[in-house]
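Novice: Have a look at the structure that comes next, please.
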Amino acid sequence: MPLEKPDSNPPLISIVDDDAAVRVSTLRLLGWSGFRAEAFSSAEEFLRSEFLAQTACLLLDVRMPGMGGLELQQRLTEIGRQIPIVFLSARASEEEEQCALRAGAVAFLRKPASKEILLKAVQSVFEPPDKHQ
């Protein structure tokens, strides 16, 4: 199933993960799929970046040194920045997963997620709401 390409000004997807291999492979996958992507090694780095305001979707790890993904999700809500979030985690508990979803996460994927599942979750952020009806 071919992935629909975003328009000529693709949305920015920000990846926040302390695992460098995950950041690099996800950047490549998103770029190959027609998205613009930026990667950050910590939640704090993302919050300080110029890309916070441009981010249309956030791929976010749960457990990281310093501020974790759930705390970043809460911080974004507090500052009024509603960014669709797809969580990626290898070690999150069921409680953490439920907390993320209750707080509005689009999806919660377990690492290693397949390329197809990851792209489907990201693509769902940009589909019109009536597409599934």
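The values are calculated or read from the model by the stated rules, or taken from the named source; none is laboratory data. Remember, it's a predicted structure, so these values are computed and weren't measured experimentally. Note that we place each Cβ from the backbone using ideal geometry, even for glycine, and neighbour counts take in every protein chain shown. Accessible surface areas use protein heavy atoms only, side chains included; no ligands, DNA or RNA. Shrake-Rupley method; radii C 1.70, N 1.55, O 1.52, S 1.80 Å.
Novice: For the chain, what is the relative contact order in percent, using Cα pairs closer than 8 Å and at least 6 residues apart in sequence?
Specialist: That works out to 20 percent.
Novice: Next question, about the same structure. Just to be sure I understand the model, the point goes 7 Å from the Cα along the line to the Cβ. What's the resulting Ala103 to Ala20 distance in nm?
Specialist: If labels sit at Ala103 and Ala20, their model points lie 2.8 nm apart.
Novice: Still on this structure: What's the longest piece of the chain with no exposed GluC sites (Glu not before Pro), counting a site as exposed if DSSP puts it in a loop and it has at most 15 other beta carbons within 10 Å?
Specialist: The longest such stretch corresponds to 51-133.
Novice: Hey, another quick one. Looking at the range 30-133, I'd like the Rg to Rh ratio, where Rg is from alpha-carbon atoms and Rh is Kirkwood's inverse mean 1/r.
Specialist: Radius of gyration relative to Kirkwood radius: 0.94.
Novice: Turning to a different aspect of this structure: On the full set of protein chains, 1.4 Å probe, figure out the accessible area of Ile79 and give it in Å² to the nearest 10.
Specialist: The accessible area of Ile79 comes to roughly 100 Å².
Novice: Here's something else I'd like to know. If exposed trypsin sites (Lys or Arg not before Pro) are those in a DSSP loop with at most 15 other Cβ within 10 Å, what is the longest stretch of the chain that has none?
Specialist: Maximal segment without exposed cleavage sites: 1-62.
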